[in-house]
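Undergrad: Okay, handing you the structure first.
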Amino acid sequence: MTLVAALSVVLAVVNMVTARSNTQLIGDVRERQQTINQGIQLSPLNVQLSQLIGTLAFQSGDSDLRAVLERYGVTVGEGQTPPGGDAPKP
């Protein structure tokens, strides 16, 4: 009978450790999910901001700003005529 009692105590301790670990993991997952949700909410704002900055770089002819945008994969005014400029040559 003492072997069964000792095994029960060991299993109870293992259960408590596992439950505490699961609680910590659930907290981590919740934090990550919150970060993902915030990114999804901010995505349209990021697109609008990129478009606005691209338009500004295109209209002002700012080559430095264009270079920064292109470094991050944003193409500015490709195939368009800048205000007061000549049409691009094909």
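Bear in mind these aren't lab numbers, they're just calculated from the coordinates by the rules spelled out. Bear in mind that the values here come from a model prediction, so they are computed numbers and not experimental data. Counting neighbours? That spans all protein chains shown, and the Cβs are built from the backbone with ideal geometry, glycine included.
Undergrad: Where the centre of each part is set by its Cα atoms, how far does segment 50-70 sit from segment 1-15, in angstrom?
TA: Taking the Cα centre of segment 1-15 as reference, the centre of segment 50-70 is 69 Å away.
Undergrad: At 222 nm, what value in deg cm²/dmol follows for the chain if DSSP H runs of at least 4 each add -39500 (n - 2.57) and the sum is divided by all its residues, to the nearest 500?
TA: Here the helix-only value at 222 nm equals -27500 deg cm²/dmol.
Undergrad: Which of these values of P(r) over Cα pairs in 5 Å bins from 0, in percent was calculated from the structure shown: (1) 3, 16, 20, 19, 17, 12, 7, 4, 1, 1, 0; (2) 2, 11, 12, 10, 9, 7, 6, 6, 5, 5, 5, 4, 4, 4, 3, 3, 2, 1, 0, 0; (3) 2, 12, 20, 18, 11, 7, 7, 6, 6, 5, 3, 1, 0?
TA: Given (1) 3, 16, 20, 19, 17, 12, 7, 4, 1, 1, 0; (2) 2, 11, 12, 10, 9, 7, 6, 6, 5, 5, 5, 4, 4, 4, 3, 3, 2, 1, 0, 0; (3) 2, 12, 20, 18, 11, 7, 7, 6, 6, 5, 3, 1, 0, the structure-derived one carries the label (2).
Undergrad: Calculate, for ILE40 and VAL74, the FRET efficiency according to 1/(1 + (r/R0)^6) with r their C-beta to C-beta distance and R0 25 Å; round to the nearest 0.05.
TA: Rounded to the nearest 0.05, the efficiency is 0.80.
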